[in-house]
Amino acid sequence: MGTQTKQVSAKQGHEEELRFETKLLHFGGEIDRATGASSVPIYQASTFHHEDVFNPPLHDYSRSGNPTRQALEDYIALLEGGVRGFAYASGMAAISSSFMLLSAGDHMIVTEDVYGGTYRLLTSILSRMGIESTFVDMTDLDQVKAALKPNTKAVYMETPSNPTLKITDIGAVTDWAKEQGLLTLLDNTFMTPFYQRPIEFGVDIVIHSATKFLGGHSDVLAGLAVARTEELGDQLKQLQNGLGTVLGVQDSWLLMRGMKTLSTRMAHSEQSAAKLAAWLQGRSDIEQVYYPGLLNHPGREVHEKQSSGYGAVISFDVGSGERAKQVLNRVKLPLVAVSLGAVESILSYPAMMSHAAMGEKVRHERGITDGLLRFSVGLEDVDDLIADLDQAFSANN
């Protein structure tokens, strides 16, 4: 057993006594036992020497396992409350590897306004391999149930969804899925385990684009997955090793460094997001504001039942594609970019960025209009962000 695993095991007995903010800093691998270093060592090695061929070392080849990546994988498993974690080269690598649990002829029920990359994977790649998908409005459990087919094997949730922030009742969907013998997967990127831990509601696999809030600094590309059971953990490990979709050690280290400040960053950004959402909702030139913290947000009560916060992502409709593009070109503070969840605010245009893979008709059916913008609130002073948006909006009136 390697150093990192030993340290995690040593803390198993009292981990439940620690609150989440403490676990972010005391996760088992925070001190290198061999040297006392206050940071997980970067094991920049592709292979590991066998001193005794009859007693191989814990790690033999870095695709199969590396001590630095193992520390990260143990870290996210601890935070999500699962039994085993896995680190991948990107969020899409985590999603696609998890979907490889399915076989040709299988069917999956999926949140309708799912992230565009997930939609593209399901409709243009997995569909060619005989894996079917049905996209439904998961705010309505009856629609989920109606999508069941004899070959259905899994349910894939995204809540709050990207980008319209629709809320799925995790417990209700998971309870029904278990009655049907279905695998449940959930993309927890927006909430992170700081606000939402789906495994506590019975979800089998939790997935993250760790590029976003977990990394938090727009400097690392990574994906994570956590398995609820040892059996699923063994299956995901086989897929991770077989596909080779692993995260490199430098990025593993960067991600762990970013995760240590997750609670502080999320709390600050959420406070700012609440103020910004209220300001947007009060404007007559904004057609719609989507944010779970708003009193009139559909599914707010369900969200509060399963999450301890509302997150830092707001979507709002400025009325037209032309106006949306003008706003994008006039703002001065947020990055105008793909992605979200960083220390700097990021303003995105789903129609041309995250959901460009969806056809216009499909996008509009899911509420992803040409005037919809997505704002990931960073750590700037929120009054400066509001003033910047105000001048961008006013210039178009």
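The values are calculated or read from the model by the stated rules, or taken from the named source; none is laboratory data. Keep in mind that this is a model prediction, so the values were computed, not measured. FYI the Cβ positions are ideal-geometry reconstructions off the backbone, even for glycines, and counts take in every protein chain you see. Side chains are part of the model used for accessible areas, which takes the heavy atoms of the whole protein and leaves out ligands, DNA and RNA. Shrake-Rupley method; radii C 1.70, N 1.55, O 1.52, S 1.80 Å.
Here are the numbers for this structure:
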read-out	value
For region 161-171, Karplus couplings with θ = phi - 60° (6.51, -1.76, 1.60), whole Hz, Gly/Pro x	7, 10, x, 8, 6, 6, 10, 9, 6, 4, x
Label zone at GLN288 (point 7 Å along Cα-to-Cβ), backbone N below 14 Å, region 152-190	161-167
Unit charges on C-beta of K, R, D, E only; dipole of region 37-140, Debye	340 debye
Region 139-156 - phi-based ³J(HN,Hα) in whole Hz, Karplus 6.51/-1.76/1.60, Gly and Pro as x	6, 10, 4, 5, 5, 4, 4, 5, 7, 5, 10, x, 9, 5, 10, 8, 10, 10
Solvent-accessible surface ranking, highest first, for LEU243, LEU262 at 1.4 angstrom	LEU243, LEU262
Debye, to nearest 20: dipole size of region 102-196, +1 on Lys, Arg Cβ, -1 on Asp, Glu Cβ	320 debye
Å² of accessible area per residue within region 13-155, as computed with a 1.4 Å probe and no ligands counted	46 Å²
Full-extension gain in nm, SER46 to GLN250, via 0.36 nm per residue minus C-alpha separation	72.2 nm
Sites GLU344 and ASN55, calculated FRET efficiency, Cβ-Cβ separation with R0 35 Å, nearest 0.05	0.10
Label-to-label distance, nm, for residues given as ALA172 and LEU141 (7 Å Cα→Cβ offset)	0.5 nm
Positive-end residue of GLY215, LEU78, VAL136, charge dipole of the chain with Cβ unit charges	GLY215
Residue (of LEU254, THR164, VAL302) at the positive-pole extreme of the chain, dipole from beta-carbon charges	LEU254
Largest-first principal axis extents, alpha carbons of region 20-257, Å	57, 39, 30
Percent RCO, i.e. relative contact order, over region 20-257, from Cα pairs under 8 Å lying at least 6 residues apart	25 percent
Model label zone, GLU231; criterion: amide N under 12 Å from point 7 Å along Cα-to-beta-carbon; scope region 161-183	181-183
Using alpha-carbon coordinates, inclination of helix 249-259 to the longest axis of the chain, degrees	60 degrees
More than 23 angstrom apart: percent of Cα pairs within region 91-219	25 percent
Kirkwood hydrodynamic radius of region 184-302, from inverse mean 1/r over distinct Cα pairs, in Å	16.5 Å
GNM top mover of LEU185, LEU58, LEU333 - the chain, alpha-carbon springs below 10 Å	LEU58
Relative packing of peptides 99-112, 203-216, 28-41 - highest average C-beta neighbours within 10 Å first	203-216, 99-112, 28-41
Pairwise Cα inverse-distance average, inverted: Kirkwood Rh of region 263-394 (Å)	15.0 Å
Length-normalised contact order of the chain in % [C-alpha pairs under 8 Å, at least 6 apart]	16 percent
1.4 Å probe accessible area per residue over region 263-394, in Å²	41 Å²
Angle between the chain longest axis and helix 321-330 axis [Cα atoms, degrees, rounded to 10]	70 degrees
Percent carbon-and-sulfur accessible area, the chain, ignoring ligands, DNA and RNA, probe 1.4 Å	51 percent
Set of lysines near LYS361 by C-alpha distance (under 24 Å), chain-local residues within fewer than 8 positions excluded	LYS166, LYS325
Net lengthening on full extension, LYS149/MET129 (0.36 nm per residue, minus Cα-Cα)	5.4 nm
Nearest-20 debye value, region 20-257 charge dipole, Cβ charges on Lys, Arg, Asp, Glu	360 debye
(i) 46; (ii) 39; (iii) 53, with the label sought being that of the calculated percent of Cα pairs over 28 Å apart	(i)
Counting DSSP beta bridges with both ends in region 20-257, the antiparallel % (nearest 5)	40 percent
The chain - mean residue ellipticity at 222 nm from DSSP helices (-39,500 (n - 2.57) per run, n ≥ 4, rounded to 500)	-10500 deg cm²/dmol
Cross-link reach list, aspartates and glutamates versus LYS149, counting only Cα pairs under 16 Å and skipping chain neighbours closer than eight places	ASP106, GLU132, GLU179
